[in-house]
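Structure first, commentary second.
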Amino acid sequence: MQFRSNHFRSALIAVAGVSLLAPIARADQKIVAATSVDGPQLRTMMAQMSPEQKAAMGKYGMGTSMISTVYVSGKKVRADTNGSAVLMDPIAKTVTSLDRDSHTYTTRPFDPAAMKGASGVKASIVDAHDSKKLLGHTAHHYKMTITANSGSMAGTPIHGDVWVAADIAQTPTLPTAGPGAVLQAELRKIKGFPLLTVIAVPNSPTGPLTVTTTVKSISNAALPATTFKIPAGYKASAPGAGVGAPGMGMPGPM
């Protein structure tokens with residue numbers, strides 16, 4: 001069976017990015033999360049893959065956990081995943097993608113006010129009226145649904161569950177457009193920080209998938225200013241020259 005990573009990007013783009021929201025956190029934060037993707041057809045396909053193909057799939061949390069680390073200070077955000085990093089500066093209205101392998105970077109303009117959700121996409125979140133303990137916090141349970149009118153999953157609702165800790169402030173988010181932006185807008189209505197999300201994609205190109213994101217740790221230790229700066233020795237790269245955003249193919253970036 002042929003490996004096509006673009007299938008997974010199209011399946012996941014509508015549900016990625018739900019564990020990092022807005023508005024603004026007061027203190028510095030370091031958030032470590034693990035994302036995994038599983039499904040019966042996916043497991044069958046991966047069993048036929050070469051080690052190189054499995055490693056490529058692992059970058060998207062398939063067959064293993066994809067670890068993401070997000071750093072927040074005021075309105076600035078940095079997200080590290082898969083050997084890349086993204087720096088967001090809403091004050092300067094820029095987003096910078098770093099490639100730690102090639103030591104290159106790309107800076108693009110970014111206006112938070114210009115980010116819009118996709119037309120024809122609907123999302124909703126309702127209270128499930130239960131809770132559980134996660135990382136020592138009481139996390140309240142909500143159920144969410146997102147439905148698109150076009151694309152490979154048009155007309156088929158994607159259902160999910162999110163557990164939110166009301167005593168942890170939400171953080172700024174990296175810029176997201178399309179279905180992800182619509183879902184984030186709904187999540188902003190909830191007070192608190194998502195510690196666990198489980199999303200069921202019923203008809204992806206690889207069959208039904210379950211995407212699980214679990215926050216592993218949250219630290220409020222002070223972050224050095226260099227966390228949000230382009231490292232010394234990095235060279236500028238033209239947009240589209242191979243320096244991309246981390247995460248599951250999220251548009252510029254996660």
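The values are calculated or read from the model by the stated rules, or taken from the named source; none is laboratory data. Since we're looking at a predicted model, the values are computed, not measured. Here the Cβ positions follow ideal geometry from the backbone for every residue, glycine too, while neighbour counts run over all protein chains shown.
Among residues of segment 113-129 that are under 26 Å from Ala139 (Cβ atoms), those with a beta-carbon under 7 Å from a residue that is modelled with pLDDT of 80 or more and of a type in the set (Ser, Thr, Tyr) at least six positions away or on a different chain give the pairs Lys122/Thr147; Ala123/Thr145; Ser124/Thr145; Ile125/Tyr142; Val126/Tyr142; Asp127/Tyr142; Ala128/Tyr142. Among the residues making up segment 30-50, those that are among the hydroxyl-bearing types (Ser, Thr, Tyr) and either within 23 Å of Val70 (Cβ to Cβ) or part of a strand (DSSP E or B) (or both) are Thr35, Ser36. Applying the criterion of being under 15 Å from the mean Cα position of the chain (by Cα) and within 19 Å of Asp28 (Cα to Cα) to the residues of segment 82-97, the residue that is surrounded by the most Cβ atoms within 10 Å (Cβ to Cβ) is Val86. Residues in segment 195-215 that are more than 18 Å from Tyr60 (Cβ to Cβ) and either among the charged types (D, E, K, R) or at pLDDT 90 or above (or both): Leu195, Leu196, Val215.
Summed over segment 55-84, residues that are assigned to a loop (DSSP other than H, G, I, E, B) and touching a helix residue (DSSP H, G or I) at 6+ places or on another chain (Cβ under 8 Å) total 3.
Would you check if there is a residue in segment 91-110 being at pLDDT 85 or above, in contact with an Asp or Glu (Cβ under 6 Å, 6 or more places away or on another chain) and assigned to a loop (DSSP other than H, G, I, E, B)? The answer is yes, given that some residue of segment 91-110 is at pLDDT 85 or above, in contact with an Asp or Glu (Cβ under 6 Å, 6 or more places away or on another chain) and assigned to a loop (DSSP other than H, G, I, E, B).
Residues checked against (1) under 19 Å from the mean Cα position of the chain (by Cα); (2) farther than 19 Å from Thr156 by Cα; (3) among the β-branched types (Val, Ile, Thr); (4) surrounded by 14 or more Cβ atoms within 10 Å (Cβ to Cβ):
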residue: Ala200; (1), (2), (3), (4): yes, no, no, yes
residue: Thr206; (1), (2), (3), (4): no, no, yes, yes
residue: Thr210; (1), (2), (3), (4): yes, no, yes, yes
residue: Val215; (1), (2), (3), (4): yes, yes, yes, yes
residue: Ile218; (1), (2), (3), (4): yes, yes, yes, yes
residue: Ala221; (1), (2), (3), (4): no, yes, no, no
residue: Thr226; (1), (2), (3), (4): no, yes, yes, no
residue: Pro231; (1), (2), (3), (4): no, yes, no, no
residue: Ala236; (1), (2), (3), (4): no, yes, no, no
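Screening Val32 against (1) of a type in the set (Val, Ile, Thr); (2) at pLDDT 90 or above; (3) within 13 Å of Val211 (Cα to Cα) leaves a single unmet condition, (3).
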